[in-house]
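Read through the structure below, which is laid out as structure tokens, and then see the notes.
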Amino acid sequence: MLYHRVPRLLDMLALARGDGRYVRFLKSLARVELLILDDWGLATMTSSQGRDILEIVDDRHGRGSTIVTSQLPVDNWHDVIPDPTVADAVLDRLVHTAHRLALKGESLRKPSANGPEKSGKRGRLDTNDTQ
């Protein structure tokens with residue numbers, strides 16, 4: 001299992017490209033059984049970053065599990081990658097074979113005057129497998 005926040009992962013890939021570790025780093029991401037990509041879509045990617053994500057999901061497609069977390073609704077994920085062809089390829093590999101879990105409700109990180117235990121406001125897990 002390997003966890004990465006997407007913004008930091010993209011920075012690491014850019015550094016790896018510059019110092020000659022890029023291919024080795026991609027291979028290490030492809031080999032892990034479970035890759036967790038957190039904070040997808042916090043900012044629009046550059047064309048190079050979109051291609052990096054495509055390399056990762058393409059190398060992993062059919063080989064290992066990938067969990068992607070995002071505050072951004074899936075319907076808006078396409079807008080995060082500037083090249084529409086690359087965006088289509090990434091989303092084909094991620095979204096169309098996914099099991100989606102949509103959380104609804106107040107954020108558990110949001111401070112409450114009564115605290116989370118007393119407020120009674122907990123998020124609800126929607127396990128809709130809509131693809």
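Please compute the net charge surrounding Gly64, taking Lys and Arg as +1 and Asp and Glu as -1 over other residues with Cβ under 15 Å from its Cβ. The answer is +1.
Couplings for the stretch 86-102, taken from phi via the Karplus curve 6.51 cos²θ - 1.76 cosθ + 1.60 with θ = phi - 60°, read 5, 4, 4, 5, 5, 5, 4, 7, 8, 7, 6, 10, 8, 9, 9, 10, 9 Hz in order; Gly and Pro are left as x. Stretching the chain fully between Arg21 and Thr69 yields a gain of 14.7 nm (0.36 nm per residue, less the alpha carbon separation). Stokes-Einstein, applied to the Kirkwood radius of the stretch 2-98 over Cα pairs at a viscosity of 0.692 mPa s and 37 °C, places its translational diffusion at 246 µm² s⁻¹.
Values quoted throughout were computed directly from the atomic coordinates according to the rules given, and no laboratory measurement underlies them. Bear in mind the structure is a predicted one, so any value in this text is a computation, not a measurement. With ideal geometry, Cβ positions are generated from the backbone for all residues, glycine too; neighbour counts draw on all protein chains shown.
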